[in-house]
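Here's the structure, in structure tokens; my notes come after.
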Amino acid sequence: MFEGHDTTAMGLCFTLALLAEHKDIQDRVRNEIDAAVQKNGEKFSMKLLQDLPYLERCIKEALRLYPSVFVISRILGDNVKLRMYWINFFFS
């Protein structure tokens, strides 16, 4: 029921914190948004949001620096041969 709530909130928090820390980048993001909104007749839409490449790069960089999920564990379901090595399936 709450999947994604924490990860989205943390991603947003770190992105906003980094923008607050780097005023020059914050200004560039704001200018990109302002220009796009003016060009679109003062209307904000999903399409407009998808056409903000600098904002997208800032969000991706924030998520790279501060990932919401640090470790995703995987469990083998069977023994696997990787080149000349065998990786054995364990079940404890």
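The numbers here are math on the coordinates, done by the rules we state, and not lab data. Because the structure is a prediction, the values reported are computed rather than measured.
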| Cross-link partners among lysines for LYS47, C-alpha distance below 23 Å, same-chain residues fewer than 8 apart left out? | LYS39, LYS60
| said: From Cα pairs below 8 angstrom and at least 6 apart in sequence, can you work out the relative contact order of the chain, rounded to a whole percent? | reply: 29 percent
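Starting from the exponent 0.38 and prefactor 2.2 Å, build the expected Rg for segment 8-81 from its residue count and divide its actual Cα Rg by it.
Rg over 2.2 N^0.38 Å, computed on Cα atoms: 1.55.
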